[in-house]
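The values are calculated or read from the model by the stated rules, or taken from the named source; none is laboratory data. Predicted, not measured: the structure shown is a model, and the values here were computed from it. Cβ sites come from the backbone with ideal geometry, for glycine too, and all protein chains shown count toward neighbours. Note: areas computed on protein heavy atoms with side chains; ligands, DNA, RNA excluded. Shrake-Rupley method; radii C 1.70, N 1.55, O 1.52, S 1.80 Å.
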Amino acid sequence: MAEEGLAGALTTVLGGSGLLVQSCDSEPASKPLSPVRLRKNVCYVVLAVFLNEQDEVLMIQEAKRECRGTWYLPAGRMEPGETIVEAMQREVKEEAGLLCEPVTLLSVEERGAAWIRFVFLARPTGGVLKTSKDADAESLQAGWYPRVSLPTPLRAHDVLHLVELGARFCQQAMHPLILPQELPCSVVCQRLVTTFTSLQAVWVLVGTVGTPHLPITACGFTPMEQRGGIKVAILRLLQECLTLHNLAVETKGLLGLQHLGKNHVDGVCLNVLVTVAFRNPGIQDEPPKIRGENYFWWKVMEEDLQKQLLHRLQESSVIPLNR
């Protein structure tokens, strides 16, 4: 029965859906976890990339005093009570005048748990493009510009990478279409699909406290954890059960994410694909030994599930998670 539950959970996460966060297997040692709150201890930012059939990009001209007159992609901070998609749609309407719908998450960027930006590929569904006559505190105007000749000056050059990421996705999707799942979470945490592969098999790390499950690690907010980024929380959990000095740990990217945003529940759970391998593999055909009783390696036996997992690993068909 435990294996059936694990197979179902892994199938759900690989499919871009979510699972309720019941508790965390690993937490920062500094102090007890408290619920995160927008505008208090976390800042979430949304950004949208639009590309039309003429290979043009939707750009907005900034109205804020510190960057007035510069150009950027539609973006802004989430407000309390919003879902991630609602925040993106609001920002696009305010800054560009357009109604829109998300196509997929393109990437997630972080500077530690306190600042996370969700980047979407989106398409317009209506509205009227904002002109200079409609200038207000949100933006001065919006317009479509050739991808190879964006307006200048740019507010920041980070948009160039995001535009190219969107263009590559339009030409050939790097990962399945994935949107945030509306599930409550009180903290910023990561559900880990931690894998070890050999020529014959693939194993996934499982937490044993309670019902066997994909382990969850909570992100902390100390200066060190902000500098190190949310990968610190991944390494903390793995250090609790593995001897890491002879292992290579790689965060491949996101399989999906969960957030509700209603009723003051502002936490986010990122479902992250991680690989563990021996630095000097030799003839190692078994995963590294587990210390303690809180985790074990589950050998994935179901053929279809194993193929799905190996495909995501080999093709790196995940949402990029960047610092």
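Summary of computed values
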item: Accessible surface, per residue, of the range 172-323 when the full set of protein chains is kept, probe 1.4 Å, Å²; result: 47 Å²
item: Integer Hz, Karplus 6.51/-1.76/1.60 couplings in order for the range 68-77, x for Gly and Pro; result: 3, x, 7, 10, 7, 7, x, 6, x, 7
item: Cα-based helix-to-principal-axis angle, 2-14 vs the chain, degrees rounded to 10; result: 20 degrees
item: Long-range HN-HN contacts of L99 with modeled amide H, under 5 Å; result: T125, G126, G127, V128
item: Computed over the range 207-323: relative contact order in percent, which uses C-alpha pairs under 8 Å that are six or more apart; result: 28 percent
item: In the range 107-193, the trypsin sites (Lys or Arg not before Pro) that fall in loop regions by DSSP, at most 14 other Cβ within 10 Å; result: R111
item: Area of W203 that stays accessible when all protein chains are in place (1.4 Å probe, Å², to 10); result: 20 Å²
item: Segment S198-E79, extension gain: residue separation times 0.36 nm, minus the distance between their alpha carbons; result: 38.3 nm
item: Anchor K133: lysines whose Cα lies under 29 Å away (excluding residues fewer than 8 positions away in-chain); result: K64, K93
item: Rounded to 10°, Cα long-axis angle of helix 158-171 versus longest principal axis of the chain; result: 80 degrees
item: Where the range 1-107 is the region considered: accessible area per residue in Å², 1.4 Å probe; result: 46 Å²
item: Heavy atoms of M301 accessible to a 1.4 Å probe, total area in Å² rounded to 10; result: 130 Å²
item: For C43, distant residues with modelled amide H under 5 Å away; result: W115, I116
item: Relative contact order %, the chain, counting alpha carbon pairs below 8 Å whose residues are six or more apart; result: 24 percent
item: Centre separation in Å (Cα based) which lies between the range 192-254 and the range 49-109; result: 33 Å
item: Cut-off 17 Å (backbone N to label point 7 Å along Cα→Cβ of T275), residues of the range 164-195; result: 175, 193-195
item: Inter-site label distance for E86 and V249 at 7 Å from Cα along Cβ, in nm; result: 3.6 nm
item: Within the chain, longest stretch clear of exposed GluC sites (Glu not before Pro) (DSSP loop, no more than 10 other Cβ within 10 Å); result: 54-292
item: Folded to 0 to 90 degrees: helix 303-314 orientation relative to the chain principal axis, Cα; result: 60 degrees
item: Sequence of T131, T70 from largest to smallest accessible area, 1.4 Å probe; result: T131, T70
